[in-house]
Amino acid sequence: MAVTQLVVNQQAGPLPITTQFQALGDGAIDVFLSGTGYNIQAGPCGIEMWITDQGGTQVGYTAAEIYTNEVNQHRTLLAMTRDLNQLKAGEMYNVTIQSISLYFTRTDQNDFFTATIVY
Amino acid sequence: MNIEQLFVQKINSLPFEIAFSVSSSSSLMLYVNASAYSNKANAPIGLNITVDGHQLGQVRVFANEASSHKALVPLMLPTELDPTKEHTMKVTAGTTSTVADSNDTIAVSAIYMGATPPFVWNIEGPIPQYTTFKSPLSGEGLLYFAGSAWMQTANNVLGIPVVLDGNPVATSNYYINPANSHMAFPPQIVPIQLKLGSHQIGFSTNRPEIMSDANDNYQLVVFF
């Protein structure tokens, strides 16, 4: 059975959310990011998650997005699994979840976010 | 268990077709997440998912608004695929009101499972609803759940918990702006603690104003 780790568990916004986690295993891993957001202008609405090691090197990235026709309406984003670089068990990693800067996406206390690592 | 992202693509138009391959001969689930919109108000929208000519299922949601891109309720669809061959997924409109364009995306991952098959439960609303399953182990399992709901009042946070033996073990919270508008809630993949034997599991709601009906569909998967 896979080992799973909840890095962020239904944490309320607003973004950005920053946290750390200690890797539970080595090898190929996947990340699953789910949540909601809203736009101040119609268009793509999305959030992204960056994972870096203690030296600042990126080891993972994923995003959750949807096209929104409506302004100021919270929308469920398409959550997908994403393959990441291999982690090293026992090492600490930094996580940042933020709105995608190119989009007109905003988040507030009515948006909730979950990020799961699957080893 | 191992997970592999297969593709993320703009749908552009229906029908949509894409070739892909898998890297393992293990039994697998295809995790399918996508968006679409309706060409009329108050109509179900859905995408039929077919692989190599075999229909695996339909990801869908009820669209109260026309011309409004919506997240469909994502599903884990069981199948078996030969890793030595290329496969073709075909995505077609599941209802006459379903439309997808270049602003719609489909994302598919392969969940390669171990020897123990997962418990899969697919239902239509309304919730709360419960069922029983047998866990073959004591220890950590993995829970996936997704679905949709609505509220009669506007601008509220609602939560859909999964309840295991009477205790909420995970909740998907989300904010609904318009009243009487079905919306898929964010799917969740979370670890859960299991004990060997039979258990009751199901979907509930965390406030009485949360509504669901036969136009809402739900999936719950427990991986052992």
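Over region B:1-53, with a single point scatterer placed on each C-alpha, what log10 of the ratio I(q)/I(0) does the Debye formula yield at q = 0.15, 0.16, 0.22, 0.30 1/Å? Results for region B:1-53 at q = 0.15, 0.16, 0.22, 0.30 Å⁻¹ read -0.57, -0.64, -1.04, -1.56. Between region B:145-224 and region B:46-108, the alpha-carbon centres lie 22 Å apart.
Can you give the relative contact order of chain A as a percent, counting alpha carbon pairs under 8 Å and 6+ residues apart? This gives 47 percent for chain A.
Footprinting exposure proxy ranking of B:Glu209, B:Glu4, fewest other C-beta atoms within 10 angstrom first, gives B:Glu209, B:Glu4.
What the Cβ-Cβ distance of B:Lys85 and B:Lys134 gives, at R0 = 30 Å and to the nearest 0.05, is a FRET efficiency of 0.30. The mean of 1/r over all distinct Cα pairs in the protein assembly as shown, once inverted, gives the Kirkwood hydrodynamic radius of 20.1 Å. Geometric descriptor of chain A, per residue, is 87 Å³ (volume of the convex hull of the Cα atoms). The relative contact order of chain B, computed from alpha carbon pairs under 8 Å that lie at least 6 residues apart in sequence, is 26 percent.
Determine the shielding of peptide B:180-186 by partner chains: average, over its residues, the number of Cβ atoms on other chains within 10 angstrom of each Cβ.
Counting Cβ atoms of other protein chains within 10 Å of each residue's Cβ and averaging gives 4.
Taking every Cα-Cα distance in region B:117-224 and sorting them into 10 Å bins starting at zero, the pair-distance distribution P(r) comes out as 15, 49, 26, 9, 1 percent.
If you bin all the Cα-Cα distances of chain B at 10 Å, starting from zero, the percentages per bin are 8, 33, 34, 21, 4, 0. For the Cα trace of region B:110-164, dividing Rg by the Kirkwood Rh returns an Rg/Rh value of 1.04. Reducing region A:21-36 and region A:50-97 to their Cα centroids gives an inter-centroid distance of 9 Å.
Largest GNM mean-square fluctuation among A:Gly46, A:Gly60, A:Gly25, using chain A with Cα springs under 10 Å: A:Gly25. For region A:57-119, the convex hull drawn through the C-alpha positions has a volume of 117 cubic angstrom per residue.
All of the numbers you see were taken from the coordinates with simple rules; none came from a lab. Not measured: the values here are computed from a predicted model. So basically every Cβ, Gly included, is an ideal-geometry build from the backbone, and we count neighbours across all protein chains shown.
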